[in-house]
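Asks: This structure is in structure tokens; I'll ask about it shortly.
No value in this document is a laboratory result; all are computed from the given coordinates. Please read all numbers here as calculations on a predicted model, not as lab measurements. So basically every Cβ, Gly included, is an ideal-geometry build from the backbone, and we count neighbours across all protein chains shown.
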Amino acid sequence: MFTWLWCIGLSALALPCAVLMLKGWAPRRYRHRTVPWAIQVRGVAMLVLWAGGMLTPLIRHSELEPEDASFLSSVVPSGFTLFALGILCGSHLAEGFHRRGLRTRSPQGTPDSHTAL
């Protein structure tokens, strides 16, 4: 029962948020602080987290031997989580480099185009 509730809850919360972020939607506060491509990259990271969360129940209900299913259900989602964290860290780094590049190109005393939004 918990497995099905987990799948339904994760799909009801994470999947719509990931799809909306892939389309470029974010709350107004968040849109003004970040660039549009970073929102989409974070949507990809959310999809990776959703896929990792969905794999554990699917592996446990597969026809694998219990030892193999236990091993895979502990290793595979951890790999997906680390991959999503790598995507998020890369997004934050790229956004920081982008902002630094905009700051060095804009003259002193005038706001650059990114922070003026």
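Asks: Put +1 on the Cβ of every Lys and Arg and -1 on every Asp and Glu Cβ in the chain; which of Pro27, Ser78, Ala45 then has its Cα farthest towards the positive end of the dipole?
Replies: Pro27
Asks: How far apart, in nanometres, would the label points at Leu22 and Ser74 be if each is projected 7 angstrom from Cα along the Cα-to-Cβ direction?
Replies: 3.2
Asks: Then there's this: How compact and how long is the chain, expressed as Rg and Dmax of its alpha-carbon atoms in Å?
Replies: Final numbers for Rg and Dmax: 19.0, 66 Å.
Asks: In degrees between 0 and 90, to the nearest 10, how far off the longest principal axis of the chain does helix 66-105 point, with axes built from Cα atoms?
Replies: Taking Cα atoms only, the helix is inclined about 0 degrees.
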